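Colleague: Quick one: the structure is below, questions incoming.
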Amino acid sequence: MGIREKLSDIASLFKVPKQTISRIIALILIYIIGLILRLQPILLHGANHRAYDPFIQYRATQVLLEEGLQGMLSYYDFKYWYPFGCGLSGLYIIVPILGALIYLILNALGFHVDLLTAITVTPAILGSLCVIVVYFVGKEVKNQNVGLIAALITAISPGFLQRSIAGFYDNEMSILFILLMILFYLRAIKTGSLFHSIMSGFFGGIVCWSWGIWRYSLLIIAIYTFLRIVTGKLDSNDSIAYVITSLMSIGMGIMIPRNYNAITSTEIAITLAVVVLVFFDNLATYLSTMFRKTRYYMYKVLVGSGLILALAGTLIMIYLGHLQTITGKFASILNPFLREEMVTYTSVAENQPGVWTNFYMGAGLGILFIPVAIYAMIERRSKVDLLLFLLIVTSFYFSASITRYIVLGSPLLALGVGLGADYLLEPYARFFSGRYILHKARVVRIFLGERRVPKGEAAAAYFIVFLVLALSVNQCISLAKYYGGYDYTNAEREIFYYLRLHASPNDVVLSWWDYGYRCTVVANVTTLADNGTRNST
């Protein structure tokens, strides 16, 4: 064998199909578009904060770098909530940890940036990574086409962009970990892999360290598992995935001060109750073999008993005061009418009920494909479809209940757009890929009743889907331009400049609650209230 043949054999080992190369290039381009959109503020106006909460996260990151994690959690500052003061232990810890890591990594790589610059780019970095994760989630849902369409919608979605853009240094950065949890959970219920279950539980625990939306991430898999139980379709893959994910998430979550009391919450009680039902469901199978009874008989006895015990135990614990019911803002999300009595909470725009515009902010005109996706899920009826159905339906409900939820709803709705578009085009794809084969002889085609290849109809279907997605891209990018700057007004700049020039750090300033963080961090004064609402006075 000559050298040329040997080199040819070696090269053949690294041959990648053209289709794979084109998809990789497409995904890289989508990622770059998403990253550039999210870096707009810092590219145009330099490093700064957006909104209000990022200011206290910035202060927490400073303390973390100076005092360490334990020092941050024990830090108490009398410049907030005068005269009582408040500590940083009430914060979720992941945001300052991520900001500190990005700061240290950038400087270690030779990019000598200050802390403000580092934390300004952090949400843009994590938000653009969500595009990659959504691609792999879409791939698990059906195929790479679903993943690419979902990744594109996620990259340009204004609903997601508004809180994953440079400067929005807050809890919404944890959406990356929610998506990773969903990705590994899908793989776990499909394969039964212990590794994927552990990874799902790990990222679920990170979510519990990141944002109050951990309640949603735990309850959605609890509802999925409960439905699998009551329909008699729970298998070992479901059992392993749910028990490991939920227990790891809860175990990690209650390790931080913010969640110390969460173990007595209704959300965790429901999650653990479903763990008990999973145990009873598997025990029914085992005992039916041991006692030679039908599984259905043992199933009724054990699962029925489990439901009664779980319900009775929950009611007794609530009555005795050992279990916290869902109240406050979380109850108002489930029931928006409760928000009428929460005047302060409702006064903030992000806590208002959503309107139809909110859905278009999430998925653009591509939202038209979501009913098709729901039909496809009902037709396929796989376990993956059940979980995706729950994610999409709850995304619609909660995005209507509270405007803020669209930031998580956008990537989930994007998966529905991807599945719906792919489902519409799948029958026509075979006409262009050569999978639809006719006999060459016209006489044979007539005899067999083979119709002509409807390439015209296929081209029209592709054009319509392309047109809808193109309009979505145009619409989303037009809206994205709105987020290209920071939400500072000239009046605010003048006020902060005046306070820095004439006020001392001990001077007390009264401001509307959202502005408390800004006054303390930017103007270096003491405030009566801030956005944390830690004090009812």
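Colleague: Could we say that Ser164 is open to solvent by less than 10 Å² (accessible area, probe 1.4 Å), in a loop (DSSP other than H, G, I, E, B) and polar (S, T, N, Q) here?
Modeller: yes
Colleague: Scan the range 113-120 and tell me whether some residue there is at pLDDT below 95 and either open to solvent by 60 Å² or more (accessible area, probe 1.4 Å) or out of contact with any helix residue (DSSP H, G or I) (no Cβ under 8 Å at 6 or more places or on another chain) (or both).
Modeller: Yes, there is a match, as at least one residue in the range 113-120 is at pLDDT below 95 and either open to solvent by 60 Å² or more (accessible area, probe 1.4 Å) or out of contact with any helix residue (DSSP H, G or I) (no Cβ under 8 Å at 6 or more places or on another chain) (or both).
Colleague: Would you mind finding the one in Phe369, Phe389, Phe398 that is touching a Gly at 6+ places or on another chain (Cβ under 6 Å) and part of a helix (DSSP H, G or I)?
Modeller: After ruling out the rest, the residue left standing is Phe369.
Colleague: Could you please give the count of residues in the range 369-385 that are touching a residue at least 60 places away in the same chain (Cβ under 8 Å) and buried (at least 20 other Cβ atoms within 10 Å of the Cβ)?
Modeller: Of the residues in the range 369-385, 1 are touching a residue at least 60 places away in the same chain (Cβ under 8 Å) and buried (at least 20 other Cβ atoms within 10 Å of the Cβ).
Colleague: Select from the range 60-86 the residues that are touching a strand residue (DSSP E or B) at 6+ places or on another chain (Cβ under 9 Å), at pLDDT 90 or above and closer than 28 Å to Gln162 by Cβ and list them in ascending order.
Modeller: Correct list: Val63 only.
Colleague: Would you confirm, using the coordinates I've provided, whether Leu272 is open to solvent by less than 40 Å² (accessible area, probe 1.4 Å) and farther than 28 Å from Val134 by Cβ?
Modeller: No; evaluated as a whole, the condition is false for this residue.
Colleague: Quick check on my filter: what residues within the range 182-220 are open to solvent by less than 20 Å² (accessible area, probe 1.4 Å), in contact with a Phe, Trp or Tyr (Cβ under 6 Å, 6 or more places away or on another chain) and assigned to a helix (DSSP H, G or I)?
Modeller: Passing the criteria: Leu183, Ser200, Ile206, Val207, Cys208.
The values are calculated or read from the model by the stated rules, or taken from the named source; none is laboratory data. Keep in mind that what you see is a predicted model, and the values were worked out from it rather than measured. Glycine also receives a Cβ, built like all others from the backbone with ideal geometry; neighbour counts cover every protein chain displayed. Calculation scope for accessible area: heavy atoms of the full protein, side chains included, ligands and nucleic acids excluded. Shrake-Rupley method; radii C 1.70, N 1.55, O 1.52, S 1.80 Å.
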